[in-house]
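Below is one structure; the comments refer to it alone.
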Amino acid sequence: MIPGRTNVKTRSSSKNRLTLGYVAILAATLALAILLGWTALAAQIDDYAYDWMFRLHPPASGPFHSIILAIDDDTFNSMGGVGAYRTMWARAFDLVKGANPKAVALDVVLSDPWKNPAEDQRLDRAMQGVSNLVLAGHLDSARWEDPLPIFRQHAAAVGHDGADELSTDGVTREIPLEERTVAERHWSLALEAFRLARGARILESPADLQVGDEVIPAPRAGSVGRPLRVLYTQEPIPSVSLKELVEKPELVARFNGQVVFIGVTSISATYDRVATPNGRGRIPGVEVHAQLFETLERGRFLTDASNLAVLGFCIAAGVLAGLIFSLLSGWIAYAAAGVMLLGAHATPFLLFRQGIVFPFFAPLASAWLTTIAAASYRYFIVRRDLRDSETERHRYQQAIHFVTHEMRTPLTAIQGSSELMGRYNLSEEKRKQMTDMINQESKRLARMIQTFLDVERLSDGQMELKKEPFQVSEIVGACLGRVLPIAERKNIRIQTLALDGSLEGDRELMEYAVYNLLTNAVKYSPPDTEITVASRLMSVGKDGAQLRLSVQDQGIGMDAKELRQIFQKFYRTKRAEASGEAGTGIGLSIVEQIVHHHGGKMEVASQPGQGSCFTVVFAAGTRASRPPAVSV
Ligand code: ADP
């Protein structure tokens with residue numbers, strides 16, 4: 001058979017398998033990337049990326065609509081420390097209410113009565129007349145710590161004071177606009193101050209909140225109530241300390257028409273400090289509320305991209321990577337993949353500029369992993385194709401070599417005899433002998449060519465086997481006639497035992513197979529040994545029978561590992577090569593094909609140095625009345 005010809009159907013189905021494998025690998029990589037996007041590590045990386053973009057593209061500062069009235073270190077130390085807190089708030093309210101602020105929010109929880117009731121009464125009096133007052137409530141273990149009723153009565157609203165609840169790394173990027181227990185919900189301090197300053201109510205829908213004509217995109221998000229990203233300004237919120245205000249009452253003008261946040265900024269008093277994405281050190285909790293208020297006031301928000309959009313992007317990146325490496329090749333494919341990766345890197349930043357927060361990890365992991373998977377897959381496929389075509393070329397060369405080698409012997413004989421006949425005046429008897437030989441050898445040549453063509457067509461499924469009945473003894477006899485002269489040269493005796501049975505099939509091909517087994521036995525046996533040929537009908541099981549045609553030698557033999565490979569094309573054992581007898585290693589693969597196409601199988605028993613026994617086995621139905629025949 002001349003290798004290198006592959007059936008079209010096999011090609012296309014193996015191509016389909018390749019495509020399926022490619023899609024499966026890309027899908028698995030994509031799924032992995034998306035799954036990794038849900039890990040804590042991915043969340044942390046997304047947060048870092050967010051902070052980085054935040055610094056690259058910071059929100060515009062000012063004009064500010066809020067001001068902080070701060071209990072700073074100076075105020076705290078000079079006005080009496082913790083014990084004088086209530087007096088300090090009272091003074092703050094007294095000073096501020098004259099300035100006519102839009103709203104006043106106190107970032108202090110007044111849930112416990114003071115040691116000195118007179119100070120509570122003083123604060124109660126100071127609160128009177130403060131319009132749009134927002135007091136703070138604190139959610140502690142599913143319970144609200146709300147202001148005492150004497151203070152609550154003055155408040156237009158109570159807002160929650162949560163300012164750093166949502167992050168795992170201590171950076172406050174977003175604040176929940178609502179916090180709730182089963183019984184009660186508080187909006188955040190800043191949102192209450194905002195809606196009072198606007199003189200509007202809060203209208204809520206699952207997707208957003210509306211205050212006046214301002215729509216705040218803060219959808220309800222599971223257990224976390226409506227988180228909103230705070231757009232911290234680079235400049236700090238304007239601030240006046242209580243001490244300064246007491247000393248310079250004219251500063252009160254700065255509070256006019258502003259929303260005032262009163263709170264403690266003194267580090268000696270409390271370490272209420274919060275890290276922000278702009279990485280400029282920590283800021284006091286009261287400033288975070290003021291920053292949230294400014295975010296609401298500016299009306300420009302950062303919203304998170306929907307999960308569906310992120311998933312869609314990841315899938316699109318994977319599909320694109322797959323298409324790039326299946327449709328393009330070489331450097332063009334790598335360049336296109338590079339452009340795609342650049343696009344994937346730029347997307348979160350471009351979207352951030354449009355106010356959309358797009359995660360980094362899952363999209364980039366999807367783009368990178370699928371690109372790597374697609375590129376490696378294509379790389380290995382190209383390498384495999386190259387290797388396959390190399391092997392095919394090699395096989396083809398070997399086949400040509402084999403065919404020419406096999407043909408050389410009869411051709412030499414024909415050439416030699418014809419030359420002798422032309423050159424010399426030979427006797428009639430000698431002439432007759434030579435013409436007979438030329439005739440025989442040319443027939444052998446024709447047979448050989450026919451056999452190659454037949455086997456090739458057979459393996460391509462193009463040929464139907466001939467179905468002629470013949471006796472096993474006939475084909476063995478014909479083969480022996482050709483093998484005996486070679487065996488005699490090595491003084492190898494060929495013994496034939498019973499040659500039972502008949503077959504139905506292609507006589508030429510079967511003869512080729514038996515001839516091959518016999519010449520191998522001679523080739524791979526040392527001189528002065530014996531070869532035994534036998535064909536027997538044996539009953540197996542209840543009704544079955546087998547025709548077993550065996551060729552046994554006392555030659556070099558093979559080990560188990562070699563035995564597993566001898567039917568592969570061009571395989572030759574080291575032992576055979578060392579003996580100097582090895583041929584091209586194609587004969588047995590043809591024998592196996594012929595036997596296989598006749599519905600039979602090959603059995604080989606062998607031991608190194610002990611000889612080999614090749615048996616061709618055909619199944620045969622036994623009938624008592626007539627001799628069993630194998631039909632194919
Ligand atoms: P070739 O004989 O041309 O090399 P074959 O396909 O007929 O090719 O055989 C393949 C290999 O199997 C041989 O090279 C040899 O190593 C081994 N082999 C075949 N027949 C025998 C045998 N009777 N004894 C030992 N080795 C054998």
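The values are calculated or read from the model by the stated rules, or taken from the named source; none is laboratory data. Source: prediction; values computed, not measured. Every residue, glycine among them, receives a Cβ derived from its backbone with ideal geometry; neighbour counts consider all protein chains shown.
Quick grid of which residues meet (1) under 30 Å from Gly212 (Cα atoms); (2) modelled with pLDDT of 90 or more; (3) among the aliphatic types (A, V, I, L, M); (4) exposed (fewer than 15 other Cβ atoms within 10 Å of the Cβ):
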| residue | (1), (2), (3), (4) |
| --- | --- |
| Pro236 | yes, yes, no, no |
| Val246 | no, yes, yes, no |
| Ala269 | no, no, yes, no |
| Pro284 | yes, yes, no, no |
| Asn307 | yes, yes, no, yes |
| Cys314 | no, yes, no, no |
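Within the range 589-619, being in contact with a helix residue (DSSP H, G or I) (Cβ under 7 Å, 6 or more places away or on another chain) and within 8 Å of the ligand (Cβ to nearest atom) holds for Ile590, Val591, Ser606, Phe614. Within the range 246-276, the set of residues being of a type outside the set (Ser, Thr, Tyr), farther than 18 Å from Val134 by Cβ and in contact with a strand residue (DSSP E or B) (Cβ under 7 Å, 6 or more places away or on another chain) comprises Leu251, Arg254, Ala269, Arg273, Val274, Ala275. Quick check on the range 271-279. Is at least one of its residues at pLDDT below 95, in contact with a Ser or Thr (Cβ under 8 Å, 6 or more places away or on another chain) and under 22 Å from Pro63 (Cα atoms)? Scanning the range 271-279 turns up at least one residue that is at pLDDT below 95, in contact with a Ser or Thr (Cβ under 8 Å, 6 or more places away or on another chain) and under 22 Å from Pro63 (Cα atoms). Taking (1) surrounded by 19 or more Cβ atoms within 10 Å (Cβ to Cβ); (2) on the phi > 0 side of the Ramachandran plot in turn, Ser141 satisfies each apart from (1).
For the range 516-571, taking the residues that are in contact with a Lys or Arg (Cβ under 9 Å, 6 or more places away or on another chain), of a type in the set (S, T, N, Q) and closer than 19 Å to Gly501 by Cα, the one that is farthest from the ligand (Cβ to nearest atom) is identified as Gln546.
Scanning the range 232-256 for residues that are of a type outside the set (S, T, N, Q), in contact (Cβ under 8 Å) with a residue 24 or more places away in the chain and not in a helix (DSSP H, G or I) yields Tyr232, Glu235, Pro236, Ile237, Pro238, Val240. If you go through the range 572-586 and keep only what is more than 6 Å from the ligand (Cβ to nearest atom) and surrounded by 15 or more Cβ atoms within 10 Å (Cβ to Cβ), you end up with Arg575, Ser579, Glu581. Across the range 98-114, the qualifying residues are those that are outside any strand (DSSP E or B) and touching a helix residue (DSSP H, G or I) at 6+ places or on another chain (Cβ under 7 Å), and the one among them that is nearest to Gln153 (Cα to Cα) is Leu110. One residue alone among Phe325, Phe293 is surrounded by 19 or more Cβ atoms within 10 Å (Cβ to Cβ) and in the same structural domain as Arg173 (by TED's automatic domain parsing), and that residue is Phe293. Among the residues making up the range 40-97, those that are charged (D, E, K, R), under 18 Å from Ser241 (Cα atoms) and assigned to a helix (DSSP H, G or I) are Asp73, Asp74, Arg86, Arg91, Asp94, Lys97. Just for the range 48-69: of the residues that are within 21 Å of Leu196 (Cβ to Cβ) and of a type outside the set (Ser, Thr, Tyr), which one is surrounded by the fewest Cβ atoms within 10 Å (Cβ to Cβ)? Out of the qualifying residues, it is Pro63. The set of residues in the range 503-515 that are surrounded by fewer than 22 Cβ atoms within 10 Å (Cβ to Cβ) and within 12 Å of the ligand (Cβ to nearest atom) contains only Tyr515. Answer with yes or no whether Leu32 is more than 27 Å from Ser239 (Cβ to Cβ) and at pLDDT 95 or above. Here the answer is yes, as Leu32 does meet what is asked. Counting only residues that are under 16 Å from Ile45 (Cα atoms), surrounded by fewer than 16 Cβ atoms within 10 Å (Cβ to Cβ) and modelled with pLDDT of 90 or more, the range 167-189 holds 0 of them.
What number of residues within the range 480-513 satisfy the criterion of being within 15 Å of Ile531 (Cβ to Cβ) and touching a helix residue (DSSP H, G or I) at 6+ places or on another chain (Cβ under 8 Å)? Matching residues across the range 480-513 total 11. Being aliphatic (A, V, I, L, M), under 22 Å from Val240 (Cα atoms) and out of contact with any Asp or Glu (no Cβ under 7 Å at 6 or more places or on another chain) is a property that Val134 lacks. As a summary of the residue check, Gln565 satisfies the conditions (1) assigned to a loop (DSSP other than H, G, I, E, B); (2) over 50 Å from the mean Cα position of the chain (by Cα); (3) without any contact (Cβ under 8 Å) to a residue 12 or more places away in the chain except for the one numbered (2). Note on the range 48-68: residues that are touching a helix residue (DSSP H, G or I) at 6+ places or on another chain (Cβ under 9 Å), modelled with pLDDT of 90 or more, under 15 Å from Gln291 (Cβ atoms) and not aromatic (Phe, Trp, Tyr) amount to 4. For the range 499-554, the set of residues classified as over 19 Å from Arg575 (Cα atoms) and either assigned to a helix (DSSP H, G or I) or not assigned by TED's automatic domain parsing to the domain that holds Gly481 (or both) consists of Arg507, Glu508, Leu509, Met510, Glu511, Tyr512, Ala513, Val514, Tyr515, listed by residue number.
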